[in-house]
Structures are given as C-alpha cells and as structure tokens.
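Notes follow once the structure below has been shown.
Since every read-out is calculated from the coordinates, none of them should be taken as a lab result. Just so we're clear, the structure is a prediction, and the values are computed from it rather than from any experiment. Please note: Cβ atoms are built from the backbone with ideal geometry, for glycine as well, and neighbour counts cover all protein chains shown.
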C-alpha cells in the first residue's frame, strides 16, 4: 500500500531524515532565492507591531515590549535571522514536527541566539500552544506538506494563535509552470 504523504508520522520521519541536508537542498533547488524569499516574508510584517489593536470593539494602544513570534513548521530556522533583524526584541517560538530539524538549526546556525528561540515539537495543525499567544506568525515552505483539508485546519490554527490585531506572513514554493527554468527546477 502506498504511503500517505500527508500523514503526520510520514512527514516527521521524512524531515528527520533530511534535516542535515535540508538547507543546502533548498538553496540549490531555489537557485539561491530562498534567502530573499524568506526576507521578503518577514519584511511584510515590519511595522505591524506598532498598530493599535482592537479589543472588545475598542482600540487598545497596547504595543508589546517584546514581540512574540511563532514560526510554524520552522525547519532549520532559516527565517530567524530575518525575524531578529526586523524585530530585535523578538522572542521566537519555533514549532516543528521534526526535532532533528530544530537540533540542526541550533547546531549549525543559531547557537548564539538560542536564548531568543524556544522549540516545541508538535504538529502545526494541533499544537497545544495557548490561544492568542503571538503578535506575529511566520511559516516558510511548510504548507506543501498539507492536503487541502489540512490547509484549512492550518488557517484555523493561525487565527487561534494570533492575538487580536496580530499579523502573519506565509511563503511557499510551487511547481513553476510556464517558467523558462522549469525543466532545470524539475530536474
């Protein structure tokens, strides 16, 4: 019987196996654009933490001293340098189904930033993260591991996790149909 590619256990095992090679593979397969795409994902959020929040139908001037950022499907944390550059006082909660990806992130990229990043091994669709936890939420390149039904659940999780007035930015790669370099990408 064929493996269900959307099964949680299958996805966790897959990313545990590829964690050591993930950063190189994503850079190569994107022709190096992955760095820029992640930066653009975070850049869309700049200024969002200064916006007044609506609570109980009234404006609340609460501007957080520390920006709480959730990184869903955090992988090897390649978006964290962009988050911390844009929001120097940010505290990041990285949620990923693969503990090996997080270990790779700390070992290779973020050892000096470990105090600003906490990790939760969990399925992004069903984490027990409390409601209204985050000022900002990012997710880079994880939606492709979900079926359309699971993507709807993800949208519900994002709405549940964000504080009133919170913002999110997601980025995903797709098969570039009609692109001149598609044969190279597919190879």
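Highest-first packing order for the peptide set 126-135, 37-46, 79-88 is 79-88, 37-46, 126-135, based on the mean count of other beta carbon atoms within 10 Å.
The simple Förster model, with R0 at 30 Å and r as the Cβ-Cβ distance, assigns residue 159 and residue 180 a FRET efficiency of 0.20.
Using 0.36 nm per residue and subtracting the Cα-Cα separation, the extra length available between residue 131 and residue 66 on full extension is 21.6 nm.
Full extension of the chain segment joining residue 122 with residue 172 gains 16.0 nm, where the gain is 0.36 nm per residue of separation less the Cα-Cα distance. Estimated at 0.36 nm per residue, the fully extended path between residue 150 and residue 37 surpasses their Cα-Cα distance by 38.3 nm.
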